[in-house]
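Structure, as structure tokens:
The values are calculated or read from the model by the stated rules, or taken from the named source; none is laboratory data. Being a predicted model, the structure only gives us computed values, none of them experimental. Heads up, the Cβs are rebuilt from the backbone with ideal geometry, glycines too, and the neighbour counts pull from every protein chain shown.
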Amino acid sequence: MRVKLLYNTDIGSVRRVLTNNGVAFDADVLLDHVVYMFEIEDCSRVTTHQLIRHRVVSYDQESQRFSAATREGVVTPPSVSSNEVAYKAYDEALKSVYSAYEKMVAAGVPKEDARYILPSAIKTKLVMTLSARSLMHMIWQRTALQAQWEIRELATTLHGLAKEATPELWTKILER
């Protein structure tokens, strides 16, 4: 999985405006106004289905409708890749599904209908925009030990990028 921070609110500019207007800087007050935009590539649709449960976020995800779905690749869970028997079953299932998809498209089924059989493990990419408060909430939930491994990995990466870009907001993670 690859994650890039494309944009974040410039806290220095916000701090200067507040100072020039005689207003004290309070990081907690800014949590709803500081925005981050991330590009996330090569994560599974399993993970994006978990992401969209966070509703105060804007998403723009690659469509499978026009992509070369059978060439996108898949995310393989470590528990599958490290188990020879499980990996063989996984690989056989993927080959079968992709073969069926190609046959359906060749038979005239529109890609948008044939994609119904594609695996949730298929890789995708998206752009995600959210406030610092929403990101903190997401990180608080998705770094929990009970969280699925891929979303936990993503949340940890998002946290690191946001903390590097705006360290003054990340002295604590708030759950509100």
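Every condition in (1) farther than 21 Å from TYR90 by Cβ; (2) assigned by TED's automatic domain parsing to the domain that holds SER13 is met by GLU112 except one, and the failing one is (2).
Any chance the stretch 98-105 includes a residue that's part of a helix (DSSP H, G or I) and assigned by TED's automatic domain parsing to the domain that holds GLU39? Talk me through it step by step, then tell me what you get.
Of the stretch 98-105, the ones part of a helix (DSSP H, G or I) are 98-105.
Then drop every residue that is not assigned by TED's automatic domain parsing to the domain that holds GLU39, which leaves none.
No; the residues of the stretch 98-105 include none that is part of a helix (DSSP H, G or I) and assigned by TED's automatic domain parsing to the domain that holds GLU39.
Criterion applied to ALA114, ALA121 was being of a type in the set (A, V, I, L, M), within 18 Å of GLU62 (Cβ to Cβ) and in contact with a strand residue (DSSP E or B) (Cβ under 9 Å, 6 or more places away or on another chain), and the one residue passing it is ALA121. The set of residues from the stretch 7-43 being surrounded by fewer than 12 Cβ atoms within 10 Å (Cβ to Cβ) and either without any contact (Cβ under 8 Å) to a residue 12 or more places away in the chain or within 20 Å of THR156 (Cβ to Cβ) (or both) comprises GLY12, SER13, VAL17, THR19, ASN20, ASN21, GLY22, VAL23, ALA24, ASP26, VAL29.
Between GLN141, GLN148, the distinction of being assigned by TED's automatic domain parsing to the domain that holds ASP28, surrounded by 12 or more Cβ atoms within 10 Å (Cβ to Cβ) and more than 22 Å from LEU5 (Cβ to Cβ) belongs to GLN148 only.
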